[in-house]
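Q: Attaching a single structure in structure tokens format; questions to follow.
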Amino acid sequence: MSRKEIIISVTKQALLIGVVAYAVIMISVYAIPHLPLANKRTFHTMLRSQMTIDREKEFSEKADPRNHVLFLGSSVVERGVNETYLDSLFNEHHVPNYSTNSGAGGFFAKSNLIMFRAMLERGLHPKRVVYGIFLQELNSVSTIRSDFGDTDTSSIKLKKKSLWNVLRLGPEALAPMLDASTFHIYLFAFNNAFRDIQNPTFFQKLSFGVNFFERDSNYVLNLAYLQDLKNIYQLCKARGIPFAFFNTPLRPEIESTADLPYFHRLEAYQPVERFAMENNIPIWNFDKPGAFDNSDFLDTYHLTPVGAKKMTAMLSDKITIWQKGFVEQDVTFPSTNSVRDEIKDSLVRTIFHF
């Protein structure tokens, strides 16, 4: 075989391999549910965004007239709002709503702002937006914060699955799925774990990954993070979308000194509550004595499926009242001294077992 024939043969084989590879990529992009296409590697950020868009599309294709209630927040929202149960409660009370939970683990206001902006640019039309405030929301030394630093996030876009976008962005969209930790995130989100699954099997736990939460009581208030929350509200206000906050709960009893709820409830909640009061934004406080039992929590912050149903029922009541035009601003919370006394009493009970 001549040199020219070898070059032609190799070229043909390379082209064939390329065509087959791209065909596999294109089929995979269209076949994998909710796989996001973005102009930057932001899989974790955009996964929930794509799931939200797909859910709204599902209802719009059915010509369903119900109003879309969108939830934003971190893992305490992701695991604490059961959208299937919430929809059933709306139906029982003849409230024409359906809900989407876009909460994501480790995500705070900046990441939620990126997600929300991207969803709106893709044509999302929520009728109401509810943001769940985590105690760590304004804590600059939080160890689980997933954000993008000081980089400009307005350029991050979620793309439609057009042929051109799949050709350009398909390989980059699929690449994260080859990473084990990212694949865990995908399976976790796709299966709504541990929110819908009451008793996960060994293999489900293995697929979903390990439940992580902070074990540190350091707190440094950073009001710059509040601006991201304000920006989310401004996006809603500019589009005439009613907006509300709720404080997510903490486990009422202390089981370990390593899992201490923070002494900083006032610092964490007051700036958000003040902003809500100034702008007549509903805010519902679920982090107060008697609202939840110790057994409702997986750890200090995350609810069990039973606890999630309890908070979801509370949200159903609040949203129903809100839709009737009542703006409830529940900013009641214990004083700093009473919080410290409560923690001391709980520690004594833990140490002496009574």
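The values are calculated or read from the model by the stated rules, or taken from the named source; none is laboratory data. Everything numeric in this text was worked out from a predicted model, so none of it was measured. In this analysis, Cβ positions are derived from the backbone assuming ideal geometry, glycine residues included, and neighbour counts consider all displayed protein chains. Quick note on the areas: whole protein, heavy atoms, side chains included, nothing else; ligands and nucleic acids left out. Shrake-Rupley method; radii C 1.70, N 1.55, O 1.52, S 1.80 Å.
Q: Can you tell me how many residues in the range 127-155 are surrounded by 20 or more Cβ atoms within 10 Å (Cβ to Cβ), in a loop (DSSP other than H, G, I, E, B) and modelled with pLDDT of 70 or more?
A: Of the residues in that region, 6 qualify.
Q: Quick check on my filter: what residues within the range 7-30 are over 23 Å from L178 (Cα atoms) and surrounded by 11 or more Cβ atoms within 10 Å (Cβ to Cβ)?
A: I8, S9
Q: Also, I was wondering about something else. Could you count how many residues in the range 235-251 are in contact (Cβ under 8 Å) with a residue 60 or more places away in the chain, surrounded by fewer than 19 Cβ atoms within 10 Å (Cβ to Cβ) and in a helix (DSSP H, G or I)?
A: 1
Q: Regarding the range 62-75, can at least one residue be identified that is open to solvent by 10 Å² or more (accessible area, probe 1.4 Å) and assigned to a helix (DSSP H, G or I)?
A: Scanning the range 62-75 turns up at least one residue that is open to solvent by 10 Å² or more (accessible area, probe 1.4 Å) and assigned to a helix (DSSP H, G or I).
Q: If a residue must be assigned to a helix (DSSP H, G or I) and under 15 Å from S162 (Cα atoms), how many such residues does the range 12-52 contain?
A: Of the residues in the range 12-52, 10 are assigned to a helix (DSSP H, G or I) and under 15 Å from S162 (Cα atoms).
Q: Within the range 40-49, is there a residue that is under 12 Å from the mean Cα position of the chain (by Cα) and open to solvent by 20 Å² or more (accessible area, probe 1.4 Å)?
A: yes
Q: In addition: Within the range 189-207, can one find any residue that is part of a helix (DSSP H, G or I), in contact (Cβ under 8 Å) with a residue 12 or more places away in the chain, over 21 Å from F297 (Cβ atoms) and open to solvent by 50 Å² or more (accessible area, probe 1.4 Å)?
A: Yes, the range 189-207 contains at least one residue that is part of a helix (DSSP H, G or I), in contact (Cβ under 8 Å) with a residue 12 or more places away in the chain, over 21 Å from F297 (Cβ atoms) and open to solvent by 50 Å² or more (accessible area, probe 1.4 Å).
Q: Turning to a different aspect of this structure: How many residues are open to solvent by 10 Å² or more (accessible area, probe 1.4 Å), touching a Phe, Trp or Tyr at 6+ places or on another chain (Cβ under 7 Å) and closer than 12 Å to I232 by Cβ when one looks only at the range 83-125?
A: Residues meeting the conditions: 1.
Q: Return yes when N165 is at pLDDT 75 or above, part of a loop (DSSP other than H, G, I, E, B) and surrounded by fewer than 18 Cβ atoms within 10 Å (Cβ to Cβ) and no when it is not.
A: The answer is no for N165.
Q: Now for a separate question. Out of the range 30-70, which residues are closer than 23 Å to V130 by Cβ and hydrophobic (A, V, I, L, M, F, W, C)?
A: Listed by number, the residues that qualify are M46, L47, M51, I53, F59, V69, L70.
Q: For the condition open to solvent by less than 70 Å² (accessible area, probe 1.4 Å), among the β-branched types (V, I, T) and closer than 30 Å to M177 by Cβ, what is the one hit in I232, I254?
A: Sole residue among the options that is open to solvent by less than 70 Å² (accessible area, probe 1.4 Å), among the β-branched types (V, I, T) and closer than 30 Å to M177 by Cβ: I232.
Q: Which residues, counting only those in the range 89-102, are more than 23 Å from K161 (Cα to Cα) and either touching a residue at least 60 places away in the same chain (Cβ under 8 Å) or part of a loop (DSSP other than H, G, I, E, B) (or both)?
A: L89, F90, H93, H94, V95, P96, N97
Q: Hey, among L113, L86, L47, which residue is touching a residue at least 60 places away in the same chain (Cβ under 8 Å) and farther than 23 Å from L187 by Cα?
A: L113
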